[in-house]
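Report on one structure; see the data block that follows.
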Amino acid sequence: MNSPNSTQILGGRLIDPANGIDRVTDIFIHNGKIVAIGEPPEGFTAHHTIDAGGQIVCPGLVDLSARMREPGEEHITTIASETALAARSGITTLCCPPDTDPVIDTPAVVTLLLRRAKRSARARLLPIGAMTQQLAGEYLSEMVALKRAGCVAMSNGYAPLANTLVERRALEYAATFGITAILRPEDRHLRNNGYAHEGPVSARLGLPGIPEAAESVAVARDLALAEHTGCRIHFHLLSSGTAARMIEQAQQQRLQVSANVAAHQLHLTEMDIEDFDSNCHLNPPLRSLADREALRNALAKGVIGAICSDHQPLKADAKEAPFPSTATGMAGLQTLLPLTLKLVDEGVLGLSEAIARITCGPADILGLPYGRLQPGSSADICIFDPHRHWVLKREAMPSSGRNTPFIGWEFQGQVTHTLFEGRSVFQSDTSTHS
Amino acid sequence: MSKPNIQLDSHGRLKHFLTIDSLKREMLTEILDTAESFTGVSERVVKKVPLLRGKTICNLFFENSTRTRTTFEVAAKRLSADVLNLNVSTSSTTKGETLLDTLRNLEAMHVDMFVIRHSDSGAAHFFATHAAPHISVINAGDGQHAHPTQAMLDMFTIRRHKGEFTGLRVAIVGDVLHSRVARSQILALNTLGTSEVRVIAPRTLLPPDPRTLGVHIFHDLEEGIRDVDVVIMLRLQKERMTGALLPSEHEYFQLYGLTEKRLKAAKPDAIVMHPGPINRGVEMDSQVADGPRSVILQQVSFGIAVRMAVMSMTMGTQAQGAAAR
């Protein structure tokens with residue numbers, strides 16, 4: 001076990017987009033905090049030294065949406081298993097959606113989650129509170145009590161508010177107390193019983209389609225209510241180009257609106273469903289190539305400020321059924337960094353911008369002090385070897401949560417060390433450490 | 001990058017019959033030719049050939065069906081196979097057994113072939129992907145995806161009446177959006193080289209861009225069936241009215257119901273087809289259904305020969321199939 005006292009990380013290429021830093025330098029850590037960058041503070045003695053030569057040192061990743069399945073579904077995964085996976089993946093801050101069992105709609109559940117996290121977590125868990133009681137969309141939850149207990153935002157999970165009056169009231173109430181509302185834009189009626197993007201692939205496979213309008217209609221409604229209520233809203237998991245363009249316009253009109261996208265949405269399209277691959281049964285659905293290009297474009301412009309994993313580990317058999325009968329979702333922690341780095345390879349983003357979208361970008365959306373490396377900030381650090389090639393193998397994944405369409409993909413860039421509050425929470429077998 | 005075609009074995013022979021998609025014209029023609037060789041069997045005194053003797057075929061129907069299940073059963077028995085009929089909608093799945101467990105249990109009973117109908121698109125693919133290597137899977141209808149044996153018996157009927165597909169104009173009328181039959185027919189007609197495939201329906205019953213299916217679109221029935229050689233009417237499900245896709249059966253019949261008068265727009269020797277069961281007075285009136293142009297009952301008898309052909313081919317006995325002539 002490492003002593004938490006003092007660590008120095010030497011010779012790495014430090015990329016800290018929040019402070020506009022990209023240079024080879026050293027970091028000095030004491031008692032869980034960064035104390036200096038460049039030169040050690042006077043009298044500093046390192047108990048641990050990490051040689052980061054040839055590697056990239058960046059802030060620990062901030063993921064706006066990751067399900068631990070705890071409380072309620074510990075038979076699938078636990079906080080311990082998923083934060084260990086997060087540590088291996090360079091992620092140090094995880095925002096947990098409220099659709100646990102019980103739902104995160106009372107301070108007691110928040111306290112439970114945070115207590116369990118403290119006991120077993122190798123990353124920081126930040127609960128997102130339920131906007132309505134039981135996520136039922138009828139009565140407001142005690143948003144202020146939830147915020148005081150530790151919730152960083154409110155959302156209604158995957159159950160969009162069907163009643164516009166309830167949505168109006170929820171946003172007004174949240175705005176009163178400076179709470180950010182996270183909205184997954186979807187019109188339930190237009191979604192109907194759809195399973196895939198409404199387009200040529202769904203037409204060919206006979207899968208009932210989800211039209212793009214299911215998202216854009218909801219975005220239009222949510223933007224109108226955001227303007228009306230003055231609430232700060234964050235759109236979760238954009239899938240369509242139209243929605244991205246509408247949000248860009250709203251931002252130009254200085255509305256307090258931000259958006260994120262799941263990493264897989266930037267790489268896969270409806271074509272990947274080919275022959276009913278249930279690992280591509282996702283919510284929102286994989287859309288057209290034009291949508292994917294529009295999302296990449298919006299990401300590059302900063303209209304979309306964050307990439308999240310939307311990590312959803314499932315039971316081993318949840319994907320073993322005909323496509324429409326399978327559960328939606330993919331396990332995304334392990335691919336958050338590699339899929340983001342792939343965007344750099346493909347010329348979508350510069351390296352520093354790409355890192356911003358998974359560190360300070362998401363942190364700023366929720367006003368969190370993480371995802372940055374400066375004296376005084378928590379020593380949450382990800383070190384990765386940008387040249388190392390690796391292949392995502394099924395055997396190398398944990399037994400639950402192997403549900404990913406990226407098995408067999410080759411990636412470049414692999415995490416070698418992760419530090420959380422100054423502690424080493426992951427170190428790869430081949431890394432150098434003294 | 002392209003994956004091997006799951007329907008073919010390593011020698012390019014038919015192993016499963018799941019969809020018309022990705023099958024070549026020669027393969028479809030081989031199915032039709034093999035079916036032709038089996039039509040004689042049903043007219044013999046002893047209506048059997050011993051091609052699949054000792055083989056066990058399991059009819060696994062998760063959706064109700066009388067016609068399709070019966071013709072598959074008759075086809076299997078004429079090939080001398082043992083037939084196991086399972087109506088699963090009323091048995092294990094209601095007890096919470098997963099489809100994969102159902103498959104494993106039936107495999108343990110040494111079944112050689114599954115004929116599967118299921119309400120999920122992709123169910124037959126799922127079975128073919130997970131079944132033991134010696135087992136063949138035939139899709140008897142999966143969700144809104146495919147119903148390839150129905151499409152092939154329709155092709156068989158068209159070929160019997162019209163000969164070649166090149167030069168033909170075929171119109172499909174009705175609920176293309178929700179129809180696995182239409183999807184498979186369109187693929188088969190195009191693969192076999194049909195000159196023009198038309199679909200005729202209001203936009204609520206068509207996919208968002210039907211041109212991606214390789215068809216010409218008409219919203220007016222008389223305009224759409226003008227000078228066609230074949231008119232295929234699709235069944236209209238009652239639930240289309242509750243889903244706000246259509247106002248009423250009355251208005252549907254007014255606009256898209258086939259009558260003797262409207263049929264005059266088609267070629268004088270045009271044939272009329274329907275996969276059955278017919279809603280008389282909704283898709284077509286009785287005069288047309290029972291009239292001289294209707295080949296609806298022939299479709300049913302040809303269905304047996306086509307299913308015999310597909311069963312013998314997927315079980316690797318098509319060479320002897322030709323010898324049974």
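Quick notes
- Segment A:14-31 and segment A:43-65 have Cα centres separated by 8 Å.
- Whole-number percent relative contact order across segment B:148-299, with pairs defined as alpha carbons under 8 Å at least 6 apart: 24 percent
- With neighbours defined as other Cβ atoms within 10 Å of a residue's Cβ, the residues A:D51, B:D142 order from fewest to most as A:D51, B:D142.
- Counting neighbouring beta carbons within 10 Å and listing from fewest to most, the residues A:Y158, A:Y139 come out as A:Y139, A:Y158.
- For chain B, the number of Lys pairs with C-alpha atoms closer than 17 Å, counting only pairs eight or more positions apart or on separate chains, is 8.
- Residues A:L10, A:L171, arranged from fewest to most other Cβ atoms within 10 angstrom of their Cβ, appear as A:L10, A:L171.
- Calculated mean residue ellipticity at 222 nm for the protein assembly as shown: -9000 deg cm²/dmol, from DSSP H runs with n ≥ 4 weighted as -39500 (n - 2.57), summed, divided by the residue count and rounded to 500.
- Rounded if a/c under 1.5, otherwise prolate or oblate - segment A:60-365, Cα gyration tensor axes: rounded
- Peptides ranked, highest mean first, by Cβ atoms within 10 Å: ranges A:212-222, B:42-52, A:287-297: A:212-222, A:287-297, B:42-52
- The residue among A:A318, A:L161, A:P375 whose Cα reaches farthest toward the positive pole of the charge dipole of chain A, with charges on the beta-carbon of Lys, Arg, Asp and Glu, is A:P375.
- Cβ charges +1 (Lys, Arg) and -1 (Asp, Glu), total dipole of segment A:1-49, debye: 120 debye
- Debye, to nearest 20: dipole size of the protein assembly as shown, +1 on Lys, Arg Cβ, -1 on Asp, Glu Cβ: 1260 debye
- Partner shielding of A:320-332 amounts to 5, given as the average count of beta-carbon atoms from other chains within 10 Å of each residue beta-carbon.
- For B:K77, net neighbour charge (Lys/Arg +1, Asp/Glu -1) across residues whose Cβ lies under 12 Å away: +4
- Note on B:203-213: average number of Cβ atoms from other chains within 10 Å of each residue's Cβ is 3.
- Placing unit charges on the Cβ atoms of the charged side chains and taking the dipole of segment A:1-157 about its Cα centre, the candidate lying farthest along the positive direction among A:I76, A:T93, A:G32 is A:G32.
- Reciprocal of mean inverse Cα separation for segment A:31-82 (Kirkwood radius, Å): 15.2 Å
- Lys, Arg +1 and Asp, Glu -1 on Cβ, resulting dipole of chain B about Cα centre, debye, nearest 20: 640 debye
- Cα-based Rg of segment B:148-299 normalised by 2.2 N^0.38 Å, two decimals: 0.94
- Inter-chain Cβ neighbour count for A:195-208, averaged per residue, equals 6 (cutoff 10 Å, partner chain atoms only).
- The Cα center of segment A:300-320 and the Cα center of segment B:47-89 differ in position by 44 Å.
- In chain B, taking the dipole from charged Cβ atoms about the Cα centre, the farthest positive-side position among B:V46, B:I116, B:M152 is held by B:V46.
- Highest average first, the peptides B:9-22, A:359-372 ordered by how many other beta carbon atoms sit within 10 Å of their residues are A:359-372, B:9-22.
- Choice from B:I138, B:I304, B:I278 with maximal GNM fluctuation in chain B (Cα, 10 Å cutoff): B:I278
- Note on segment A:359-390 and segment B:218-283: Cα centroid distance 63 Å, given to the nearest whole angstrom.
Read-outs: derived from the displayed coordinates by stated rules, not from any lab. Keep in mind the model is a prediction, meaning the values are calculated, not measured. Glycine also receives a Cβ, built like all others from the backbone with ideal geometry; neighbour counts cover every protein chain displayed.
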